[in-house]
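One structure below.
The values are calculated or read from the model by the stated rules, or taken from the named source; none is laboratory data. What you see is a predicted model, and the numbers here were worked out from it, not measured in a lab. We place every Cβ from the backbone using ideal geometry, glycine too, and count neighbours over all the protein chains shown.
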Amino acid sequence: MKLSLKLTTLLAPVFAIIVAFGLSTIMLYLIGEDPIETFKIMYDYGKTGKSIVSILNRSVPLYISAVAVAVGFKMGLFNIGVESQYLMGALLSAALGAAVALPSFLHITLIIFVAVISSAFWAAIAGYLKVKKGVHEVISTIMLNYIGTGIIAYLLANIFFEKVELSTTAPQTDLLPETARIPSLNAFLGIEDLPNLHGFIIGAVFIGILYYWIVWKTSLGFDLRATGSSPMAAKFSGANPARLTILAMMISGAFAGFVGIAPLTGYFFKYTTDFPSGLGFAGITVALLGRNHPVGMALGAILLSFLERSAQILDLKDVPKEIEKIMQAVIVLTVVVAYEVVKRYVTNRQIKEASKVVADD
């Protein structure tokens, strides 16, 4: 039974990917493009050295975003607010990081600390509203996204940006000094003539390990998973669902604070209006695709990053690159349906086996 459950769970995302490629093939045929040639072009472009570095760099914040979402999922919470949480953390840490002078290790540590704490605080608001006021976290996090966007725009334009009369410069924080920048791994790996492979990829690995340890190896993680599966049963076992709800949102927000660290300390070195957005929503896709497992989410982040990168060549070949967005959307839709089918199959299987045991007795 255990093997059957693992096998069916594994087949769900595989089935979703196959269906996505199948539907994309049909769509390419309908618009008069050769699907095999299109996928070959994407594959050839995606496996180049520059593309591999780009894919890995893109995967880091995407993966961390998925981890933040997954913490909520494990508790039965849907944290859609990762978007504003990581952007809030990135702005505040960028502003403070540019305003102080510290040794490199302390400087980077301070930036990470500020990002994590500010993001956790912003996420805690949704947890508090759910526990004390009965506001569903989906509603509160969506609203907090809008509120956070407004606050970020105000702070960036009026507090952290030194206005210059008649200047055409977009609002932005000051540049981070060299001591606040995480070096690339190119020199360490002996990579030449390629874009910088960001050093925070090592941090992403440790974040995945930390997530696994918290969720599967601690009593807190057990309470989170138990409450997510059955809040009433968890309450009778001694868990405090209200406290765990706020704590889960704070942990989710804390992980969200790491999302902006790679782009901030790796290649932007400031917070500006062009700072990467949308990673919070993309993290939901990766978390669903990876079934909230650290390894599964890593593979999901690499897959979506590969699709995004490889689709860039399509415009030069007169093929609509929007096919990549269609593939992502179909993957999400299909994987959700597939997981629900698996869940019902396993539940029915368990009921039948339990009934058989009772009948034998």
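Is it the case that the stretch 347-355 has a residue that's modelled with pLDDT under 75 and either of a type in the set (D, E, K, R) or touching a Ser or Thr at 6+ places or on another chain (Cβ under 9 Å) (or both)? The answer is yes, given that some residue of the stretch 347-355 is modelled with pLDDT under 75 and either of a type in the set (D, E, K, R) or touching a Ser or Thr at 6+ places or on another chain (Cβ under 9 Å) (or both).
How many residues are surrounded by 22 or more Cβ atoms within 10 Å (Cβ to Cβ) and β-branched (Val, Ile, Thr) if we restrict to the stretch 286-303? Count: 1. Under the condition of being closer than 13 Å to Glu83 by Cα and not in a helix (DSSP H, G or I), the residues counted in the stretch 251-285 number 7.
Here's the yes/no breakdown for (1) assigned to a helix (DSSP H, G or I); (2) of a type in the set (Asp, Glu); (3) surrounded by 18 or more Cβ atoms within 10 Å (Cβ to Cβ):
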{"residue": "Val215", "(1), (2), (3)": "yes, no, yes"}
{"residue": "Leu220", "(1), (2), (3)": "yes, no, no"}
{"residue": "Asp223", "(1), (2), (3)": "yes, yes, yes"}
{"residue": "Met232", "(1), (2), (3)": "yes, no, no"}
{"residue": "Lys235", "(1), (2), (3)": "yes, no, no"}
{"residue": "Ala239", "(1), (2), (3)": "no, no, yes"}
{"residue": "Ile246", "(1), (2), (3)": "yes, no, yes"}
{"residue": "Met249", "(1), (2), (3)": "yes, no, yes"}
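Pull up the stretch 165-213, narrow it to residues that are in a loop (DSSP other than H, G, I, E, B) and of a type in the set (Asp, Glu), then point me to the one that is surrounded by the fewest Cβ atoms within 10 Å (Cβ to Cβ). Per the stated criteria, the residue is Glu165.
None of Leu155, Leu106, Leu144 is more than 22 Å from the chain's Cα centre (by Cα), in contact (Cβ under 8 Å) with a residue 12 or more places away in the chain and either assigned to a helix (DSSP H, G or I) or over 13 Å from Tyr86 (Cβ atoms) (or both) except Leu155. Condition check: aromatic (Phe, Trp, Tyr), surrounded by fewer than 18 Cβ atoms within 10 Å (Cβ to Cβ) and over 19 Å from Val138 (Cα atoms). Does Tyr267 satisfy that? For Tyr267, the condition - aromatic (Phe, Trp, Tyr), surrounded by fewer than 18 Cβ atoms within 10 Å (Cβ to Cβ) and over 19 Å from Val138 (Cα atoms) - is met.
Among the residues of the stretch 66-99 satisfying the criterion of being within 22 Å of Ala234 (Cβ to Cβ) and aromatic (Phe, Trp, Tyr), which is surrounded by the most Cβ atoms within 10 Å (Cβ to Cβ)? Out of the qualifying residues, it is Phe73. Confirm whether Leu307 is surrounded by fewer than 22 Cβ atoms within 10 Å (Cβ to Cβ), over 21 Å from Gln85 (Cβ atoms) and not hydroxyl-bearing (Ser, Thr, Tyr). Judged against the criteria, Leu307 is a match.
Of all residues in the stretch 246-254, one or more are closer than 25 Å to Phe200 by Cβ and either out of contact with any helix residue (DSSP H, G or I) (no Cβ under 8 Å at 6 or more places or on another chain) or not aliphatic (A, V, I, L, M) (or both).
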